[in-house]
Amino acid sequence: MVKSHRRSGKKASFIAWLIKVIAECVALHPPIHGINRPRKNKVIVFGDVDLSLVIEKEVKGSKVPLPYVIRKADQKTLYQISSEIESAKSQKFEDEGDYVLGKRQNPLAMKLFTRLPQSLRIFSMRKFVFNKPQRLKDMMGTVMVTTAGMVGHTRGWIMPYSMHPLSLAFGSLNKQAIVKDGEIQIREILHLTVSVDHDVIDGVPAAKFVDDLVVKMEQGFGL
């Protein structure tokens, strides 16, 4: 279905479609991306979905994954998301201010931060970012998606580790023999891992989110 869109002249990548489906599902199950505030016994749930992904760029001769946040992804069309990703890929890297793609950061502050010892970087993030839900959302979004596992043909899953309340990692896409409608068929199988913050959401509503997501993906939602 994605390929048919391309043949009709509409720019729609497979990754952009995945992001659109995820954003729509998160909007339908808003507690799934809530941010926990244990000291105040609260969970902050935002009305829109800011989704973070990594885009590989060449930095000083080396390939480096740089973060990019798609703002209000649930309110954007598939084609807007696809265009936004392409723009981020083509963004020129000038200095440390471009370590986060999209909105340019303060290059001096970024340089100082990256040169701090790891223990001080973690302390600074916990002190000034992780305890501030709005700042956390502004800097890194509330949902993280990685498709690194789709590179190559090794069958399996990848396990995401992130500070986001909701993380989704896409593994390999392989053709496999499965039983469907009582028959053995060759189908494309996409390996997916979902990580949620259990302090934010219980198992049953989290499982309903995953089930809704899988159904929409298998049906080609939005295409």
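The values are calculated or read from the model by the stated rules, or taken from the named source; none is laboratory data. Note that the structure is a prediction, hence the values are computed from the model and not measured. So basically every Cβ, Gly included, is an ideal-geometry build from the backbone, and we count neighbours across all protein chains shown.
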Tally time: how many residues in the range 190-223 are β-branched (Val, Ile, Thr), free of Cβ contacts under 8 Å to residues at least 24 places away in the same chain and over 28 Å from residue 2 (Cβ atoms)?
1
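Test residue 82 against the stated conditions and say whether it is over 26 Å from residue 210 (Cβ atoms) and assigned to a helix (DSSP H, G or I).
no
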Picking from 40, 60, 10, which residue would you name as being surrounded by fewer than 16 Cβ atoms within 10 Å (Cβ to Cβ), in contact (Cβ under 8 Å) with a residue 60 or more places away in the chain and either over 25 Å from residue 127 (Cβ atoms) or not β-branched (Val, Ile, Thr) (or both)?
10
Among the numbered criteria (1) surrounded by 11 or more Cβ atoms within 10 Å (Cβ to Cβ); (2) outside any helix (DSSP H, G or I); (3) of a type in the set (Val, Ile, Thr), which one does residue 186 miss?
(1)
Qualifying positions in the range 63-82 - basic (Lys, Arg) and surrounded by fewer than 18 Cβ atoms within 10 Å (Cβ to Cβ):
63, 71, 72
Quick one: would you say residue 124 is among the hydroxyl-bearing types (Ser, Thr, Tyr) and over 18 Å from the mean Cα position of the chain (by Cα)?
yes
Cβ-Cβ distance below 6 Å, separation of 6 or more or different chains: which pairs start in the range 77-89 with a residue that is farther than 23 Å from residue 63 by Cβ and end on one that is loosely packed, with under 14 Cβ neighbours inside 10 Å?
78/222
Among the residues of the range 1-32, which ones are polar (S, T, N, Q) and within 21 Å of residue 192 (Cβ to Cβ)?
13
Of the residues that sit in the range 197-223 and are hydrophobic (A, V, I, L, M, F, W, C) and in contact with a Pro (Cβ under 7 Å, 6 or more places away or on another chain), which one is modelled with the lowest pLDDT?
200
What are the residues in the range 28-76 that are small (Gly, Ala, Ser) and at negative phi, if any?
34, 47, 52, 62, 73
Residues that are acidic (Asp, Glu) and surrounded by 11 or more Cβ atoms within 10 Å (Cβ to Cβ): does the range 212-219 have at least one?
yes
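Conditions tested, residue by residue: (1) at pLDDT 80 or above; (2) over 30 Å from residue 39 (Cα atoms); (3) buried (at least 18 other Cβ atoms within 10 Å of the Cβ).
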residue: 84; (1), (2), (3): yes, yes, yes
residue: 103; (1), (2), (3): no, yes, no
residue: 115; (1), (2), (3): no, yes, no
residue: 118; (1), (2), (3): no, no, no
residue: 127; (1), (2), (3): no, no, no
residue: 137; (1), (2), (3): yes, no, yes
residue: 152; (1), (2), (3): no, yes, no
residue: 175; (1), (2), (3): yes, yes, no
Condition first: in contact with a helix residue (DSSP H, G or I) (Cβ under 9 Å, 6 or more places away or on another chain) and either assigned to a loop (DSSP other than H, G, I, E, B) or of a type in the set (Gly, Ala, Ser) (or both). Now tell me which residues in the range 203-223 satisfy that.
206, 220, 221, 222, 223
